[in-house]
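Report on the following structure.
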Amino acid sequence: MAEPKILVPFDGSEVSERALRWALLDAAGHGIPIKVLYVVDERAVEAAAARGSAEAAREELRKKGERILDKVDEIAEELGCEDVKVEKKIREGVPWEEIVKEAEEDEDVNLIIMGSHGRTGITRVLLGSTAENVARHAPVSVLVVKKEDRTPWLFGD
């Protein structure tokens, strides 16, 4: 292991932004880098392909991922964490599987900080819990940030 690194799955949602903020502040405090990962969900590609070209859908979703990852620098600047080394990456597949694979493949990753959407009922049954699956299968510890928690000081709430 060369240098410890925090992996942050980021989809642009409010809860993933909360996780990113947590990771940036933690990384700044410890002088370690983060890797921000956006996953193009293959299920979204398949659904969009039913209405047109799979390749066009894939390309559009990758561009969306690039736009979402562009927000990372703005958030780091807002927090005063511009000095944190940030690597950005896009993968394609089932989100929880790709997050776990990224942690397995990058031996410097020693922590995953991610948000949990807190889905319940039929939505959870159909989509599953990404955070739960990552926590069960990841080779490293996983810190799950909830949509609403008791740390308003961290998020400026």
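The values are calculated or read from the model by the stated rules, or taken from the named source; none is laboratory data. Computed from a predicted model, the values in this text were never measured in an experiment. Heads up, the Cβs are rebuilt from the backbone with ideal geometry, glycines too, and the neighbour counts pull from every protein chain shown.
When each of Leu25, Leu61 is tested for being under 22 Å from Lys101 (Cα atoms) and in contact with a helix residue (DSSP H, G or I) (Cβ under 7 Å, 6 or more places away or on another chain), the lone residue that passes is Leu61. Take the conditions (1) under 17 Å from Val144 (Cβ atoms); (2) at pLDDT 95 or above; (3) part of a helix (DSSP H, G or I); Asp73 misses just one of them, which is (1).
Can you pull out every residue in region 1-18 that is modelled with pLDDT under 95, in contact with a Pro (Cβ under 9 Å, 6 or more places away or on another chain) and over 16 Å from Glu98 (Cβ atoms)? Of everything in region 1-18, those that are modelled with pLDDT under 95, in contact with a Pro (Cβ under 9 Å, 6 or more places away or on another chain) and over 16 Å from Glu98 (Cβ atoms) turn out to be Glu3, Pro4. Would you confirm, using the coordinates I've provided, whether Asp108 is more than 14 Å from Ser16 (Cβ to Cβ) and either within 12 Å of the chain's Cα centre (by Cα) or at pLDDT 95 or above (or both)? The answer is yes for Asp108. May I ask you to verify whether Glu66 is surrounded by fewer than 14 Cβ atoms within 10 Å (Cβ to Cβ) and either at pLDDT 95 or above or within 13 Å of Ile113 (Cβ to Cβ) (or both)? So Glu66 passes the test. Look at region 8-32 and say how many of its residues are surrounded by fewer than 17 Cβ atoms within 10 Å (Cβ to Cβ) and over 26 Å from Glu148 (Cα atoms). Of the residues in region 8-32, 1 are surrounded by fewer than 17 Cβ atoms within 10 Å (Cβ to Cβ) and over 26 Å from Glu148 (Cα atoms). Arg124 - would you say it is modelled with pLDDT under 75 and not hydrophobic (A, V, I, L, M, F, W, C)? So Arg124 fits the description; yes. In region 81-110, what residues are part of a loop (DSSP other than H, G, I, E, B), in contact (Cβ under 8 Å) with a residue 12 or more places away in the chain and over 18 Å from Ala138 (Cα atoms)? Cys81, Asp83, Val84, Lys85 - these are the residues of region 81-110 that are part of a loop (DSSP other than H, G, I, E, B), in contact (Cβ under 8 Å) with a residue 12 or more places away in the chain and over 18 Å from Ala138 (Cα atoms).
Looking at the structure I just gave you, is Glu87 within 25 Å of Asn133 (Cα to Cα) and not β-branched (Val, Ile, Thr)? So Glu87 passes the test. Please work out if Ile34 is over 17 Å from Leu143 (Cα atoms) and touching a residue at least 40 places away in the same chain (Cβ under 8 Å). Criteria not met by Ile34.
Scanning region 17-58 for residues that are part of a helix (DSSP H, G or I) and small (Gly, Ala, Ser) yields Ala19, Ala23, Ala27, Ala28, Gly29, Ala44, Ala47, Ala48, Ala49, Ala54, Ala56, Ala57. Return yes or no: is Val94 more than 24 Å from Arg18 (Cβ to Cβ) and β-branched (Val, Ile, Thr)? Considered against the rule, which asks whether it is more than 24 Å from Arg18 (Cβ to Cβ) and β-branched (Val, Ile, Thr), Val94 comes out as no.
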